[in-house]
Each structure stands twice: as structure tokens, then as C-alpha cells.
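Below you'll find the structure, written out as C-alpha cells, and then a few comments.
Each reported figure results from applying straightforward, stated rules to the coordinates on display, with no laboratory input. All values reported here derive from a predicted model rather than from experimental measurement. Because the Cβ atoms are built from the backbone with ideal geometry, glycine has one as well, and the counts that use them run over all protein chains shown.
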Amino acid sequence: MDVPKFKSGITGIALVCMLATSLGAISANPLVSEETGRLMAELVRTSQEYDLYNARCRGNAASTKTENSNRLFLSKYRLTVNQVINLYIGKDDRAERAAMEQDFLQKLSLMGGCRMAKKKGIQKELDQNYRQLFEQISNLP
């Protein structure tokens with residue numbers, strides 16, 4: 001089999017860069033520190049839990065917290081929630097979202113369901129965590 005020859009060194013460099021990026025050798029957003037990435041991942045998890053709680057226990061299927069987090073990431077870092085999941089949580093955003101949902105449902109079950117979760121103040125806890133993380137990321141330079 002013949003291997004195609006590149007007419008330009010630039011094409012080869014571009015292919016090497018694309019390959020390195022896909023393998024994770026080059027960060028997708030070098031302006032985001034490791035600590036910021038960790039905070040963003042925590043905000044994604046908290047947003048997901050908050051939205052799952054609202055859907056499961058309050059009958060509100062709108063993913064408002066995740067959408068707000070997505071807008072923050074896009075405006076501040078040019079990243080989406082899915083990209084944050086891929087970069088800082090796991091490689092497959094769908095699988096990670098499903099795992100987060102299963103973890104939350106298990107947590108909810110251990111609390112005794114929606115009624116007991118409400119009595120234990122899970123909504124207040126989720127709201128405080130969400131607001132704190134959102135504000136912390138919003139205030140980053």
C-alpha cells in the first residue's frame with residue numbers, strides 16, 4: 001500500500017497537532033488552570049444533581065442550572081458543559097451524565113426518596129452549593 005506524501009510541511013504539522021489534541025497531549029483550553037477545571041467539573045455535577053432533583057421530586061424537567069452553567073462556561077472559557085465533562089470528568093459525556101444520574105438516584109434512594117430528601121433539606125443544600133460554585137467561577141479572572 002502506498003503512503004501518501006505531503007506536499008507541504010504545514011499539512012503534516014497540522015495533522016500531528018490534530019492527533020496530539022485528540023490524544024490529550026495538548027490541552028483543549030490551555031487558559032484554564034487545573035483548579036479552575038476542577039471547579040468547573042464540580043459545578044457541572046452540582047448543576048446536574050439540582051436539575052435531576054427538580055425533575056424527579058418537583059416535576060420540573062427544565063435543565064435550568066445546567067443551561068446557566070453552560071452559558072457561563074461559553075461566555076468565560078468558550079467551553080460547553082459537554083466539553084467540561086469530556087476534559088475534566090470523563091471521556092464520554094453521555095456515559096458520564098448517565099453515571100451522574102445513577103449516582104444521584106442512588107443517593108436519593110438512600111435518603112428515603114423525595115419526601116425524605118425534602119425534609120432533610122437537599123434542595124437548600126443543592127442551591128447553596130450551586131450558587132457558591134457559580135459565583136466562584138464567575139469571579140475568576
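If R0 equals 35 Å, the separation of the Cβ atoms of Gln106 and Arg78 corresponds to a calculated FRET efficiency of about 0.55. Per-peptide packing, taken as the mean over residues of other Cβ atoms within 10 Å, places 45-56, 117-128 in the sequence 45-56, 117-128 from highest down. Between the alpha-carbon centers of region 75-141 and region 50-70, tell me the distance in whole angstrom. With region 75-141 and region 50-70 each reduced to a Cα centre, they are spaced 10 Å. Taking 7 Å steps out from each Cα toward its Cβ at Arg71 and Met116 produces label points 3.7 nm apart.
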